[in-house]
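Visitor: One structure follows; several queries about it will come next.
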Amino acid sequence: MSAPLRHALDSTTARVAVVGLGVVGLAVAAAFAEAGFRVTGIDRVPEKVACVSAGRLPLDGDEPGLAPLLAAVVASGQLRATTDATALGEADVVILAVDTPLLAGTRGPDERPLRAALDVVGAHLRPGMLVIIESTLAPGTTEGLAKPLLEQRSGLVAERDFFLVHCPERVMPGRLLHNLRAMDRVVGGLSPAGVSLAVSLYRHVVRGRLDGCDALTAELVKTAENAYRDVQIAFANELAMLCEGLGADVWKVRELVNRSPGRNVLLPGGGVGGHCIPKDPWLMVAGAAPSFLPRLTAAARAVNDGMPRHVAGLVSAALARRGVALAGATVVVLGYAYLENSGDTRNSPSEALVAALEEEGASVRIVDPWIPAFQGDLEEVAAGAHALVLMVNHDAWRSLPWEALARLVRLPLLIDSRGAVDTAALQAAGFEVVTLGRGV
Ligand code: SAJ
């Protein structure tokens, strides 16, 4: 059964459908179209489809190379977009790139977007097709949810009539195309034949290693690589809070620890945001056996989720040392994105910080050069403020007029949650600098 498909994959004559034209799906669709495949992008949002059909990128932020590539492959006819799922019936390969969030207010996966996409794919599944899920999945989802749903919806049998593979993406905002092309990928299937076919497809786009494995391993690799990062960051944050209490400097401690072979303490900070790291640890443990309590994963999440409130405490304590109550004080938050030099605000720690400060009665103003809503003039916004809080290490802060700011604020006080500023230079400009992880 797989011979015709393998030939079509090797010769790039296979027709590829991408379900979900979000951050991942757009890059995937454009990259396979560039490789010579005829690609149909399918999305439920008409405005998004219209944008892509006009050769325009329906994404905020800067994605090097993606906008011109999309325009070119749409103009050449290699890529077309539609809301009509019947286009799936003409596909040889279907790649699902839909959101796999947590259920609001819980730590469990919200499977609805994936189920909806699988239902549509199942309705159009034909013998000989290859179905690939790039979305991040809780371990066991490919075998336990995707396979039975596709089989029931189509009446076909996985690995006999069609192939099902999980190839988790490793993209990140601002580097979509680069990561898609350069990074190694795990290709996890329910059968060696399915893995082999998927490798034949991805080798046209991915320059990194393509490591074949079973689907469960691929699900664990993706969720574990992010859970691991979350635990690493939590350790850095816990060490920072320990140093504060001891009057030590975590930035010096970290530097010297990392000189020890095999150590790599990451960066303490005001919190962990984004779409992957806060979510994937919970997906990793979602299928844990009832007898196993994943304590470290949950503890790391609690440490990292607690950092914005810890920063609010640093602000309150610094003001109190000057006889100023947080209630009624004006605080300026520098940075609202979750990541430096990005406008992406998903799960932004600054959002939690603002809530914590306002809960204590502070009046909060926000400046972020990457976010249109917060691109006000910093000198105007900072005038009369009792404290500035740096939450995101944007490059833009390297060129701030600190002397002028020191004259404009009511108190020349900066809380630096990322160890981002040149403390001596700011002190020379008249600021008191309180740095996360550095005891006062
Ligand atoms: N953060 C810290 N300390 C650190 C590193 C990050 O506090 O030492 C914070 C950041 O400020 C941010 C959050 O954690 O709020 C996440 O930062 P991130 O660098 O992990 O960036 P993400 O969320 O875009 O993570 C992505 C992930 N990639 C994919 O899921 C495909 C992650 O696996 C990568 O390791 C990460 O990019 C990367 O390498 O930059």
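Visitor: Rolling a 1.4 Å sphere over the protein heavy atoms, what is the accessible area per residue of the chain, to the nearest Å²?
Guide: I get 42 Å² per residue for the chain.
Visitor: Right, next: Rounded if a/c is under 1.5, else prolate if a/b is larger than b/c, else oblate: which is the stretch 12-83, with a ≥ b ≥ c the root eigenvalues of its Cα gyration tensor?
Guide: It comes out oblate by the Cα gyration axes.
Visitor: Within the stretch 248-268, list the residues whose amide N lies under 11 Å from a label point set 7 Å along Cα→Cβ of Ala317.
Guide: 248
Visitor: When the Cα centres of the stretch 169-214 and the stretch 223-254 are compared, how far apart do they sit, in Å?
Guide: 32 Å
Visitor: Roughly how big is the stretch 327-431's charge dipole about its Cα centre, with Cβ charges of +1 (Lys, Arg) and -1 (Asp, Glu), in debye to the nearest 20? Intermediate values should be presented prior to the final figure.
Guide: Working: 6 positive and 14 negative charges, 32 e Å.
Charge dipole of the stretch 327-431: 160 debye, to the nearest 20.
Visitor: Residue by residue through the stretch 377-388, what is 3J(HN,Hα) from phi via Karplus (6.51 cos²θ - 1.76 cosθ + 1.60, θ = phi - 60°)? Round to whole Hz and write x for glycine and proline.
Guide: Residue by residue, the stretch 377-388 yields 6, 4, 5, 5, 5, 7, 4, x, 6, 8, 7, 10 Hz.
Visitor: How much of the DSSP beta bridge set in the chain is antiparallel, as a percent to the nearest 5? Walk me through the numbers on the way to the answer.
Guide: On the way: 4 of 47 bridges.
So the antiparallel bridges amount to about 10 percent of the total.
Visitor: Additional query: Of Ser363, Gly430, Gly335, which is farthest along the charge dipole of the stretch 335-440 in the positive direction, counting Lys and Arg as +1 and Asp and Glu as -1 at C-beta?
Guide: Sorting the options by dipole projection puts first Gly430.
Visitor: Compute and list, largest first, the equivalent-ellipsoid semi-axes of the chain from the alpha carbon gyration tensor, each √(5λ) rounded to a whole angstrom.
Guide: Ellipsoid semi-axes (Å, largest first): 46, 24, 18.
Visitor: I would also like to ask the following. Provide the per-residue ³J(HN,Hα) series for the stretch 90-98, in order, calculated from phi with Karplus coefficients 6.51, -1.76, 1.60 and θ = phi - 60°, each as a whole number of Hz, with x at glycine and proline positions.
Guide: So the Karplus estimates, Gly and Pro as x, are 9, 8, 9, 10, 10, 10, 9, 10, 9 Hz.
Visitor: With charges set only on the Cβ (+1 for Lys and Arg, -1 for Asp and Glu), what does the dipole of the chain come to about its Cα centre, in debye to the nearest 20? Let's see the in-between values first.
Guide: Details: 40 positive and 47 negative charges, 126 e Å.
Dipole about the Cα centre, nearest 20: 600 debye.
Visitor: Tell me, what is the percent relative contact order of the stretch 71-211, built from C-alpha pairs under 8 Å that lie six or more residues apart?
Guide: Numbers: 210 pairs, mean separation 26.5, N = 141.
Over the stretch 71-211, the number comes to 19 percent.
Visitor: Please list 3J(HN,Hα) in residue order for the stretch 336-346, calculated via the Karplus relation 6.51 cos²θ - 1.76 cosθ + 1.60 where θ = phi - 60°; whole Hz, with x for glycine and proline.
Guide: Values per residue, Gly and Pro as x: 10, 5, 8, 9, 4, 6, 9, x, 7, 10, 4 Hz.
Visitor: Mind listing the long-range amide H neighbours of Asn258? Cut-off is under 5 Å, sequence gap 5 or more, other chains count too, H placed in the peptide plane at 1.01 Å from N.
Guide: Val265
Visitor: Amide H to amide H under 5 Å from Arg38: which residues, 5+ apart in sequence or cross-chain, H placed 1.01 Å off N in plane?
Guide: Val16
Visitor: For a quick check: with amide H placed at 1.01 Å from N, whose amide H comes under 5 Å from Arg185's, ignoring anything fewer than 5 positions away on the same chain?
Guide: Long-range HN contacts for Arg185: Arg209, Leu210, Asp211.
The values are calculated or read from the model by the stated rules, or taken from the named source; none is laboratory data. None of the values given here were measured: they were computed from a predicted structure. We place every Cβ from the backbone using ideal geometry, glycine too, and count neighbours over all the protein chains shown. All accessible areas refer to the heavy atoms of the entire protein, side chains included, with ligands and DNA or RNA removed. Shrake-Rupley method; radii C 1.70, N 1.55, O 1.52, S 1.80 Å.
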